Structures are given as C-alpha cells and as structure tokens.
Amino acid sequence: MAKLPSFLGHEFSVIATPGHTLGHICYFSKPYLFCGDTLFSGGCGRLFEGTASQMYQSLNKLSALPDDTIGMLCS
C-alpha cells in the first residue's frame with residue numbers, strides 16, 4: 001500500500017484493486033475504506049477492463065482489512 005499525504009487528520013493508503021477497471025484503486029484510513037465501484041451492498045462491481053481473477057484477488061485484499069472497517073461506496 002502506498003501512503004498519501006494527511007487529509008483532514010487522516011493518513012490514507014492507496015490499495016490497488018484491479019477488476020472493475022485495470023487501474024482501479026481504493027483509499028484506506030482505518031477504519032474507513034473508500035472503494036468506489038469495487039464493492040456494492042449486494043456484491044462487487046462489474047468487470048469492464050479487468051478479469052474475474054483480478055477482481056477475486058482485489059476482494060481478497062479488502063477482506064484482509066480489519067473487521068471494524070467501514071466501507072464508503074463512492075461510485
């Protein structure tokens with residue numbers, strides 16, 4: 001995970017999550033996850049440029065985040 005400058009008192013990390021698109025990323029600052037179209041309340045986003053394997057690997061990355069993570073869907 002790459003680190004970003006502090007924003008509103010939070011240190012964010014960038015998580016590469018290809019699947020929806022090849023260059024898709026999420027932002028994480030415990031406990032907040034800004035995941036765009038990677039996750040929806042009913043499942044994951046559609047595959048536009050990525051593959052099912054890439055999406056699976058990305059979802060595994062997100063599932064490894066702490067249990068108290070709060071997902072913010074920003075699509």
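The values are calculated or read from the model by the stated rules, or taken from the named source; none is laboratory data. Quick caveat: nothing in here was measured; it's all calculated off a predicted structure. Quick reminder, even Gly has a Cβ in these numbers, built from the backbone with ideal geometry, and neighbours come from all protein chains shown.
General remarks:
- Within segment 1-26, considering residues that are under 19 Å from residue 50 (Cα atoms) and among the hydroxyl-bearing types (Ser, Thr, Tyr), the one modelled with the highest pLDDT: 17
- A Cβ distance below 9 Å, combined with a sequence gap of six or more or placement on separate chains, defines the contacts here; from segment 30-55, residues that are within 8 Å of residue 19 (Cα to Cα) reach residues that are part of a helix (DSSP H, G or I) and of a type outside the set (A, V, I, L, M, F, W, C) in the pairs 38/58; 47/54; 50/58.
Conditions (1) crowded, with 16+ Cβ neighbours inside 10 Å; (2) part of a strand (DSSP E or B); (3) not hydroxyl-bearing (Ser, Thr, Tyr), marked per residue:
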{"site": "5", "(1), (2), (3)": "no, no, yes"}
{"site": "15", "(1), (2), (3)": "yes, yes, yes"}
{"site": "21", "(1), (2), (3)": "yes, no, no"}
{"site": "28", "(1), (2), (3)": "yes, yes, yes"}
{"site": "33", "(1), (2), (3)": "yes, yes, yes"}
{"site": "48", "(1), (2), (3)": "no, no, yes"}
{"site": "54", "(1), (2), (3)": "yes, no, yes"}
{"site": "58", "(1), (2), (3)": "yes, no, no"}
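- Against the criterion of being touching a Ser or Thr at 6+ places or on another chain (Cβ under 6 Å), without any contact (Cβ under 8 Å) to a residue 40 or more places away in the chain and not aromatic (Phe, Trp, Tyr), residue 66 does not qualify.
- Within segment 35-46, the set of residues being crowded, with 18+ Cβ neighbours inside 10 Å and among the polar types (S, T, N, Q) comprises just one member, 38.
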